[in-house]
Amino acid sequence: MNFAPLFKPGSMAVAGVSLSNDRHPANVIYNKIHLRYPVKVYPVNPKGGIFKRDRVYRGMEEIPGPIDLAVIAVRADLVPETLGQCIRKGAGGAVIISGGFAESGRRDLQERIAAMAREADFPFIGPNCLGIYAPGKFDTFFLPGERLVRPNPGSVGFVSQSGGVLVDQMVKFTEQGLGLSLAVSIGNKALIREIDLLRYLAEDSATKVIAFYVEGFGRNEGRAFVELAAGLSKPVVVLKAGKTAEGSRAVSSHTAALAGDYKVFADVLAQHGIVEARNEFELTCFCESLSHYPRTIDGKVGVITVSGGHGALATDICADLGLQVPRLSEAVKAEIRAGLSANIRDIASLENPVDLTGSSTDEDFEAAVSALGRASEVDCLLLLLLPYSPGISSDLGARLSYVHQQTGKPLVAYVPHVEKYRILIEGFELNNVPVAASIDGAAFMVEAMRRCRPC
Amino acid sequence: MLSSELTNMVDAARKHGWVLEPEALRLLAATGVPVPRFAWAKSKAETLASAAAIGYPVVAKVVSPQVMHKSDVQGVQPGVPDGERLAKVYDRFRGLPGFEGVVVAEMLSGHELIVGAKVDFQFGPVILLGIGGTAVEIYKDTATRMAPLKARDVESMLTCLRGSRLLTGHRGFAAVNIPKLTEMMLAFSNLVMELGDRIESIDLNPVFCSPERCTVADARILLAPQG
């Protein structure tokens, strides 16, 4: 199946536009595309007429030009007819927003539309979904644009079984300054499932990290999914819901009791190098980190701080996660010390964490990042940057990013996320260094790289 | 490949829903999963003769299609020291429902592990390795991997167990023979893949691992419902 018309449409039709109810989902979708996106869009309603000075088409086949993507937001029992029209029209694909299928007992209706589409080799997303969000291009969400938090174009492809989780995750991604290449809510996934979109996003040049919110896979689908993901060069991150559901059936074997559904899920993902996020915070941190550093580390962390307390907290968090904060060799310590300015050379603590103290300046940070960046004793740097001390300038983010680019070793920074430090944060982020809003977040960003390999 | 005799044996066991222990042990042995020296004795004379051949002390276990959980009916007697005691155990077992004989097996020692398999809805056959013993369901210290296993998977399962140091040598506890354990896991993985959808789950519990060998002491193979 060709997914290009679904995700890169030049023309769209919205079926179900109401002439009397402007809050109808189809109207919301039509309006946003019509007003705000560079895509030609046609309203469709069997009654015809005029809608906001545009002609309403009675059916797909009446539309004069070709249709890449049809958005279907009609009553469930009318979906087969509308889908049939799309197929006869030769449309490229559809998003079926409508609910009223397997989720409310109409598995038969859902199987009918899936069979129609398979027969015609016609791709569709849904039913019972929000559909597609392609930043800057178009979206099929029946949520008014002004109510959404809209991430910028970026490098994370996100596929969610739940539309609600997707929309809410867009808020978290935006707070993190993380952009999306494509987001898809797949709803009942009658035809297009996780594995199909994994395959598509693996080939999509804009996508660097592929993330999923999964409630469950179909029979043996998990096996196909992990086997495909294990062979990809792009990191795959999965957030799973339904971790605690107890098997309702009485189990008569130890193995069945011990290897519960979630235990198997988590272990098998790790076996295949898929990064499991345990909650939305981890999901956001992991996507941020892996979109900058799609690679694996052993997890030997060099911590650089201006506050002993922050260094200690970060070390605790790292230890809890199973990351190491190894002691540094005398040679590395000597090299750091040689680069430090005279007024902190004797007061800085060069154990790991490296505590540059509140008297440090930009140049001291550069010296420490440079020396640790070249030291083989650590494979990742965690920088705790508290921009309160007077020696730190607003240029430090950009300056350290340049140092980091010379050594290539992953660098993750914690900077308090408040508006007045924005230039510091952007100095990192625009130069490909991820910045966390908390110490935990920064540690999770390191952890993402450690988990990104087969266990 | 399983011989047709073994697949027939498994298919014949479907009427009970599970494979009797001596048949399960045969199946394991045939695919290279180490089992103890054992015999399935159908009479008292056979039981005594088997024990003499294996060498005392032995463990005696009841065989009955009606007794899946042998210890629930005191159907397992470890450490039987001689023929006189074994004859008494035989007499007691003979009174249990569905009695079809006795498994007489050599006594094993070492660390107790649990090894298992099940056919998972989402991922198909998966294999489990865990720290065994009576507290197995308390600590739930297990690692699961999708089958078929590679040697690397077994290594990572061991690393992932919280109790991994128990197996790699700790405070006077000898390390188990990791190459033998790996060999056993890979052979078991092959068997699980061969059996495929025939099974629902398999428990090898306990598996005794010592510095010398890893041996399955008891096996329960639950078959998938027919149809």
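The values are calculated or read from the model by the stated rules, or taken from the named source; none is laboratory data. Nothing here was measured: the structure is a model prediction, and the numbers come from that model. Neighbour counts run over all protein chains shown; Cβ positions are idealised from the backbone, glycine included.
Any idea which of B:VAL192, B:VAL154 is within 19 Å of the chain's Cα centre (by Cα), farther than 27 Å from B:PRO65 by Cα, within 14 Å of another protein chain (Cβ to nearest Cβ) and in a helix (DSSP H, G or I)?
Going through B:VAL192, B:VAL154 in turn, just one is within 19 Å of the chain's Cα centre (by Cα), farther than 27 Å from B:PRO65 by Cα, within 14 Å of another protein chain (Cβ to nearest Cβ) and in a helix (DSSP H, G or I): B:VAL154.
When residues of the stretch A:222-233 are filtered for being buried (at least 19 other Cβ atoms within 10 Å of the Cβ) and facing chain B (nearest Cβ under 10 Å), how many remain?
Of the residues in the stretch A:222-233, 4 are buried (at least 19 other Cβ atoms within 10 Å of the Cβ) and facing chain B (nearest Cβ under 10 Å).
Tell me, which helices (runs of 4 or more DSSP H) wholly within the stretch A:276-354 include 2 or more residues that are under 32 Å from the mean Cα position of the chain (by Cα) and loosely packed, with under 14 Cβ neighbours inside 10 Å?
Hits in the stretch A:276-354: A:308-321.
Being under 16 Å from A:VAL264 (Cα atoms) and either more than 10 Å from chain A (Cβ to nearest Cβ) or part of a loop (DSSP other than H, G, I, E, B) (or both) is the filter here; which residues of the stretch B:130-151 pass it?
Listed by number, the residues that qualify are B:LYS140, B:ASP141, B:ALA147, B:PRO148, B:LEU149.
If you go through the stretch B:52-92 one residue at a time, how many are small (Gly, Ala, Ser) and either under 27 Å from B:TRP18 (Cα atoms) or modelled with pLDDT under 95 (or both)?
Qualifying residue count for the region: 5.
State all residues of the stretch B:53-65 that are more than 15 Å from the chain's Cα centre (by Cα) and surrounded by 12 or more Cβ atoms within 10 Å (Cβ to Cβ); if no residue qualifies, say none.
Across the stretch B:53-65, the qualifying residues are B:ILE54, B:TYR56, B:PRO57, B:VAL58, B:SER64, B:PRO65.
Report yes if some residue within the stretch A:104-116 is buried (at least 21 other Cβ atoms within 10 Å of the Cβ), polar (S, T, N, Q) and within 28 Å of the chain's Cα centre (by Cα); otherwise report no.
Taking every residue of the stretch A:104-116 in turn, none turns out to be buried (at least 21 other Cβ atoms within 10 Å of the Cβ), polar (S, T, N, Q) and within 28 Å of the chain's Cα centre (by Cα).
Yes/no matrix, rows are residues, columns are (1) crowded, with 20+ Cβ neighbours inside 10 Å; (2) in the same structural domain as A:LYS189 (by TED's automatic domain parsing); (3) more than 29 Å from the chain's Cα centre (by Cα); (4) under 22 Å from A:VAL184 (Cβ atoms):
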{"position": "A:VAL39", "(1), (2), (3), (4)": "no, no, no, yes"}
{"position": "A:VAL44", "(1), (2), (3), (4)": "yes, no, yes, no"}
{"position": "A:LYS47", "(1), (2), (3), (4)": "no, no, yes, no"}
{"position": "A:ARG53", "(1), (2), (3), (4)": "no, no, yes, no"}
{"position": "A:PRO64", "(1), (2), (3), (4)": "no, no, yes, no"}
{"position": "A:VAL79", "(1), (2), (3), (4)": "yes, no, yes, yes"}
{"position": "A:SER98", "(1), (2), (3), (4)": "yes, no, no, yes"}
{"position": "A:LEU130", "(1), (2), (3), (4)": "yes, no, no, yes"}
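Considering only residues of the stretch A:201-212 that are within 15 Å of the chain's Cα centre (by Cα) and either assigned to a loop (DSSP other than H, G, I, E, B) or surrounded by fewer than 24 Cβ atoms within 10 Å (Cβ to Cβ) (or both), which is nearest to the other protein chains (Cβ to nearest Cβ)?
Of everything passing the filter in the stretch A:201-212, A:ALA202 is nearest to the other protein chains (Cβ to nearest Cβ).
For the subset of the stretch B:157-166 comprising residues that are more than 9 Å from chain A (Cβ to nearest Cβ) and at pLDDT 85 or above, which member is surrounded by the fewest Cβ atoms within 10 Å (Cβ to Cβ)?
Of everything passing the filter in the stretch B:157-166, B:ARG162 is surrounded by the fewest Cβ atoms within 10 Å (Cβ to Cβ).
Within the stretch B:137-145, is even one residue buried (at least 18 other Cβ atoms within 10 Å of the Cβ), among the hydroxyl-bearing types (Ser, Thr, Tyr), without any contact (Cβ under 8 Å) to a residue 24 or more places away in the chain and under 26 Å from B:ALA224 (Cα atoms)?
Yes.
Please note which helices (runs of 4 or more DSSP H) are completely contained in the stretch B:1-65 and include at least 2 residues that are touching a Leu at 6+ places or on another chain (Cβ under 7 Å) and under 23 Å from B:LYS88 (Cα atoms).
Because the criterion is at least 2 residues that are touching a Leu at 6+ places or on another chain (Cβ under 7 Å) and under 23 Å from B:LYS88 (Cα atoms), the helices (runs of 4 or more DSSP H) in the stretch B:1-65 that meet it are B:44-54.
Does the stretch B:195-223 hold any residues that are in contact with a helix residue (DSSP H, G or I) (Cβ under 6 Å, 6 or more places away or on another chain) and in a loop (DSSP other than H, G, I, E, B), and which are they?
Selection gives B:ARG213 alone.
Tell me which residues, restricted to the stretch B:195-209, are closer than 15 Å to B:GLY130 by Cα and either charged (D, E, K, R) or more than 14 Å from chain A (Cβ to nearest Cβ) (or both).
Answer for the stretch B:195-209, where residues must be closer than 15 Å to B:GLY130 by Cα and either charged (D, E, K, R) or more than 14 Å from chain A (Cβ to nearest Cβ) (or both): B:ASP203, B:PHE208, B:CYS209.
Identify all residues within the stretch B:116-129 that are closer than 17 Å to B:LEU223 by Cα, among the aliphatic types (A, V, I, L, M) and more than 7 Å from chain A (Cβ to nearest Cβ); write none if there are none.
Those that are closer than 17 Å to B:LEU223 by Cα, among the aliphatic types (A, V, I, L, M) and more than 7 Å from chain A (Cβ to nearest Cβ): B:VAL119, B:ILE127.
Here is a list: A:SER253, A:SER248, A:SER233. Which entry is closer than 19 Å to A:ASP204 by Cβ and at pLDDT below 95?
A:SER233 is the lone residue from the list that is closer than 19 Å to A:ASP204 by Cβ and at pLDDT below 95.
At least 1 residues that are among the hydroxyl-bearing types (Ser, Thr, Tyr) in each: list the strands (runs of 3 or more DSSP E) lying fully within the stretch A:16-107 that qualify.
It comes to A:40-44.
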